[in-house]
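Here is the structure we will look at.
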Amino acid sequence: MGSKFAFECPDCGHSAVVSGGRDFGMMAVVQTMVCQDCKHLVDVLIGRFGEEGPTGDPDYDAQLGRCPDCEGRDVHLWKSEHPCPKCGVGMTRNSDLHMLWD
Ligand SMILES: [Zn+2]
Ligand SMILES: [Zn+2]
């Protein structure tokens, strides 16, 4: 079971609900990344069943390493400073708001 948290930029107010790092649920392994195409903070699928990398299932593998919002592949690891994808200011995690997924 994975969990997602609400992050918000104190400067421009941009917010996103993401894992905030590497996470995995029942099937999906995800990694929080910044999409350079749409400037969104997204949880990108990176594997399945706890393993990173291609699964051998072409339908599933087609989704790996892609922004779920715009399907772009220009996604980059979200740094530990949690920079806002819009303005670069460190985003803060709202610990009151999170959800579980699997
Ligand atoms: Zn910002
Ligand atoms: Zn995108």
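The values are calculated or read from the model by the stated rules, or taken from the named source; none is laboratory data. All of these numbers come straight from a predicted model, not from anything done at the bench. Every residue, glycine as well, gets a Cβ built from its backbone with ideal geometry; the counts of neighbours run over all protein chains shown. Side chains are part of the model used for accessible areas, which takes the heavy atoms of the whole protein and leaves out ligands, DNA and RNA. Shrake-Rupley method; radii C 1.70, N 1.55, O 1.52, S 1.80 Å.
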Review point. Can you name the condition, by its number, that Gln31 falls short on among (1) closer than 16 Å to Gly65 by Cβ; (2) in a loop (DSSP other than H, G, I, E, B)?
Key: (2)
**Study point:** Residue in segment 64-81 that is nearest to ligand 1 (Cβ to nearest atom), counting only those that are open to solvent by 50 Å² or more (accessible area, probe 1.4 Å) and within 12 Å of the chain's Cα centre (by Cα)
**Key:** Lys79
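Closer than 25 Å to Asp11 by Cα, modelled with pLDDT under 95 and outside any strand (DSSP E or B), is that true of Ser80? Show your work before the answer.
Working: closer than 25 Å to Asp11 by Cα: yes; modelled with pLDDT under 95: yes; outside any strand (DSSP E or B): yes.
So Ser80 fits the description; yes.
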Check your understanding: What do you reckon, is His98 part of a strand (DSSP E or B), open to solvent by 50 Å² or more (accessible area, probe 1.4 Å), within 16 Å of ligand 2 (Cβ to nearest atom) and touching a residue at least 40 places away in the same chain (Cβ under 8 Å)?
Key -> no
Check your understanding: What number goes with the only condition from (1) part of a loop (DSSP other than H, G, I, E, B); (2) under 23 Å from Ser95 (Cβ atoms); (3) at pLDDT below 95 that Cys12 does not pass?
Key -> (3)
Exercise for review: Please indicate, with yes or no, whether at least one residue in segment 85-94 is buried (at least 18 other Cβ atoms within 10 Å of the Cβ) and touching a Cys at 6+ places or on another chain (Cβ under 6 Å).
Suggested key: yes
Check your understanding: Among Asp61, Asp57, which is the only one that is without any contact (Cβ under 8 Å) to a residue 12 or more places away in the chain, surrounded by 14 or more Cβ atoms within 10 Å (Cβ to Cβ), farther than 20 Å from Met99 by Cβ and away from ligand 2 (no atom under 16 Å from the Cβ)?
Key -> Asp61
Practice item. Starting from residues that are among the hydrophobic types (A, V, I, L, M, F, W, C) and crowded, with 17+ Cβ neighbours inside 10 Å, keep the ones in segment 1-16 and report whichever is nearest to ligand 1 (Cβ to nearest atom). Key: Cys9
Exercise for review: Filter segment 40-54 down to residues that are surrounded by 15 or more Cβ atoms within 10 Å (Cβ to Cβ) and part of a loop (DSSP other than H, G, I, E, B), then give me how many there are.
Suggested key: 1
Practice item. Please tell me if Gly25 is at pLDDT 95 or above and either away from ligand 2 (no atom under 12 Å from the Cβ) or small (Gly, Ala, Ser) (or both). Key: no
Exercise for review: Answer yes or no: is there a residue in segment 85-100 that is modelled with pLDDT of 95 or more, farther than 13 Å from Ala6 by Cβ and away from ligand 1 (no atom under 16 Å from the Cβ).
Suggested key: no
